[in-house]
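Student: Right, I'll just put the structure down here and ask away after.
The values are calculated or read from the model by the stated rules, or taken from the named source; none is laboratory data. Remember, predicted model here, so these are calculated numbers, not experimental data. Heads up, the Cβs are rebuilt from the backbone with ideal geometry, glycines too, and the neighbour counts pull from every protein chain shown. Just the protein is used for accessible areas: all its heavy atoms, side chains included, with ligands, DNA and RNA removed. Shrake-Rupley method; radii C 1.70, N 1.55, O 1.52, S 1.80 Å.
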Amino acid sequence: MFTCRAVHSVTGFCSCRSFAYLTIKDRLPQILTKAIDTLHRHKSEFFEKHGEKGMEAEKKAISLLSKLRNESQTDKPIIPFVEKFADTDIWNQYLEYQQSLLNDTDEKPRWFYSPWLFVECYAYRRIHEAVIQSPPIDDFDVFKEAKEQNFFESLESITALCIHLQELMTTIEDLEENQLKNEFFKLLQISLWGNKCDLSLSGGETSSQKTNIINTLEDLKPFILVNDMEHLWSLLSNCKKTREKVSVTRVDIVLDNSGFELVTDLVLADFLLFSNLATEIHFYGKMIPWFVSDTTIHDFNWVIEQVKHCDHKWVSKCGVDWENYVKMGKWVYHDHIFWTGPHEFCAMFHVAPDLYAELQKAHLILFKGDLNYRKLTGDRKWEFTVPFHRALNGFHPAPLCSF
């Protein structure tokens, strides 16, 4: 088990001035206001597609999101979900569990006094409930525009990264092992720092990559707290050397943000295939819009399509290659309701045994981003001396890295 983490905050309960408290007090209302504004701006589109039913659905979704904003800002009790969905029972059982932790059994969990990991996940699940309670616009992604804006505003950096990859491809067979390792390290770090484009942390404000990230890697190195890249190289290069015995080397990537970060992940995945460090890549995204910029299947396909149709020939070639990997089964996309649930990953074996069994097929699992890291370690304020494997609390489907 490995970790390659950058500097970040660690929080638990919503005490005043904590990251959790500021999330609910400041960032969440901003995000909800933007979601409401997005729905309002699409009023004409809803009317054109669905007539009066679309207009009524828009009003209902806005009303539900406004109610949610009021509840969170005024520290109302956290209420159960009412709309039937694949995970409704799982969430409501977890709400009962949170209530059982309180000293007063008649007391309800509240927004300002609940663990961050639980309460922010709950907030995004409530946003989804507001939309699915409003047919016929119940498949509308209130965060879609923000994700697409991040991609287009990062296009210069995306172009530079894709050109770098294509130039690397032309020389990769001539590289010595140490040179190949250095390129692997470089693309891992690019994927790590792609996570800076997180729209949930910016309150939904633009958070694009406007400079060539390749040129900033040396300056960013001091901010990496734990660096286990050598372990990753050792694991994958050994798999490559023993390929005759084991024909498949599978790397699983648990995705975080769409837009620029997703492109950095796809570039890394392309390199892993082309260098023979892996033979297949499995991606895991979200089933529903989540934490503003998290990747769904629509985002995954949309980004590949945008890259494919880019004006620059080397960028376009990346998109063509990526689409072919999907068609050939070398890239496989999965989603699962567990990823947008309330549970820490140590509960996966019992709560989602099918997902745990799928992850066990990997030779290496890469977990991207802050939320995955928090769910891996239970969002607890661990002492810095606690080993990573202990913080995982028994979660070990395969060798894994969090970054």
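Student: If one computes the Cα centroid of the range 80-107 and of the range 340-375, what distance in Å separates the two points?
Tutor: If we compute the Cα centre of each part, the gap is 21 Å.
Student: Further, regarding this structure: Determine the share of the chain's accessible area contributed by carbon and sulfur atoms, expressed in whole percent, with a 1.4 angstrom probe.
Tutor: 53
Student: Highest mean first, how do 384-390, 24-30, 118-124, 40-46 rank when packing is the count of other Cβ atoms within 10 Å averaged over residues?
Tutor: Numbers: 384-390: 10.6, 24-30: 17.9, 118-124: 22.0, 40-46: 14.6.
Top to bottom by mean Cβ count within 10 Å: 118-124, 24-30, 40-46, 384-390.
Student: Another one. Quick check for me: using +1 on Lys/Arg Cβ and -1 on Asp/Glu Cβ, what's the dipole size of the range 143-402 about its Cα centre, in debye to the nearest 20?
Tutor: 600
Student: Does the range 113-162 come out rounded, prolate or oblate, given a ≥ b ≥ c as the square roots of the eigenvalues of its C-alpha gyration tensor, rounded meaning a/c under 1.5 and, failing that, prolate meaning a/b above b/c? If you can, show how the numbers build up before the last one.
Tutor: On the way: a/c = 4.90, a/b = 1.58, b/c = 3.10.
Oblate is the answer for the range 113-162, as a/c is 1.5 or above yet b/c matches or exceeds a/b.
Student: Would you compute, for the Cα atoms of the range 44-143, the largest minus smallest coordinate along each principal axis and list the three values in descending order, in whole Å?
Tutor: Taking max minus min along each principal axis of the Cα atoms, the range 44-143 gives 52, 28, 22 Å.
Student: What FRET efficiency do you get for H50 and Q73 if R0 is 30 Å and r is their Cβ-Cβ distance, rounded to the nearest 0.05?
Tutor: 0.45
Student: Going down the table (K181/K313; K25/K108; K25/K286), which pairs top 23 Å between alpha carbons?
Tutor: Table pairs above 23 Å Cα-Cα are K181/K313; K25/K286.
Student: Placing +1 on the Cβ of each Lys and Arg and -1 on the Cβ of each Asp and Glu in the chain, which of I137, T296, S72 has its Cα farthest towards the positive end of the resulting dipole?
Tutor: The residue sitting farthest along the positive end of the dipole is S72.
Student: Rg/Rh for the chain to two decimals, with Rh computed the Kirkwood way over all alpha-carbon pairs.
Tutor: When Rh is taken as the Kirkwood radius, the ratio is 0.97.
Student: Another question, then. So which aspartates and glutamates pass the test for K59, namely a Cα distance under 13 Å, with those fewer than 8 places away in the same chain ruled out?
Tutor: Those aspartates and glutamates meeting the cut-off are D37, D138.
Student: Efficiency by 1/(1 + (r/R0)^6): what FRET value for S234 and N212, r their Cβ-Cβ distance, R0 = 41 Å, to the nearest 0.05?
Tutor: It comes out at approximately 0.90.
Student: How many Å² of accessible area per residue for the chain, probe 1.4 Å?
Tutor: 44
Student: Given only helices, namely DSSP H runs of n ≥ 4 each adding -39500 (n - 2.57), what is the per-residue ellipticity at 222 nm of the chain, to the nearest 500 deg cm²/dmol?
Tutor: Helix contribution divided over all residues of the chain: -15500 deg cm²/dmol.
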